[in-house]
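For reference, the structure is listed below as structure tokens.
A short reminder: the numbers here are calculations on the coordinates, not readings from a lab. Just so it is clear, the model here is predicted, and its values are computed rather than measured. Cβ coordinates were reconstructed from backbone atoms using ideal geometry, including for glycine residues, and neighbour counts include every protein chain displayed.
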Amino acid sequence: MRKKLLAISGLLGLALTCTNAFALRCGHLLVEIGDHKSDVVQKCGQPDFADQRLAATGLTLRHPGGALQLNQAEQIVIDEWTYNFGPRRFKQFLIFENGILVDIENLGRGN
């Protein structure tokens, strides 16, 4: 029985280090998917690391006969932030698209 509990707790710990989160707690404040970058900075402070890049997303419609082709593309700004809250918490990796938080990932223990 004890071996089963150890195995289950080990798997749970591994799963927690590799999962995406829907929210991030900064002190007593909560950051959630859909929040704006300025709200995250106000709640959590400046990130420990920040990177920005441009990406394109789009849609192509083609007629089966090949005579009609419509292309629609949009350039988006992707910001990637990392917060390191110390050894008692997981590092957090935040991804923003055009200033809106779209993903939060646990990276493992901080330092």
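Here are a few things to note about the model shown:
- Where strands (runs of 3 or more DSSP E) fall wholly inside the stretch 47-111, the ranges with 1 or more residues that are under 11 Å from the mean Cα position of the chain (by Cα) and surrounded by 12 or more Cβ atoms within 10 Å (Cβ to Cβ) are 69-83, 90-97, 100-109.
- Contact annotation: residue pairs with Cβ atoms under 9 Å, 6 or more positions apart or on different chains, pairing a residue in the stretch 76-99 that is under 14 Å from Asn111 (Cβ atoms) with a partner that is surrounded by fewer than 16 Cβ atoms within 10 Å (Cβ to Cβ) and among the small types (Gly, Ala, Ser), are Thr82/Ala50; Tyr83/Gly45; Phe90/Gly108; Lys91/Gly108.
- Within the stretch 19-41, tally of residues that are over 14 Å from the mean Cα position of the chain (by Cα), closer than 18 Å to Glu97 by Cα and surrounded by 10 or more Cβ atoms within 10 Å (Cβ to Cβ): 2
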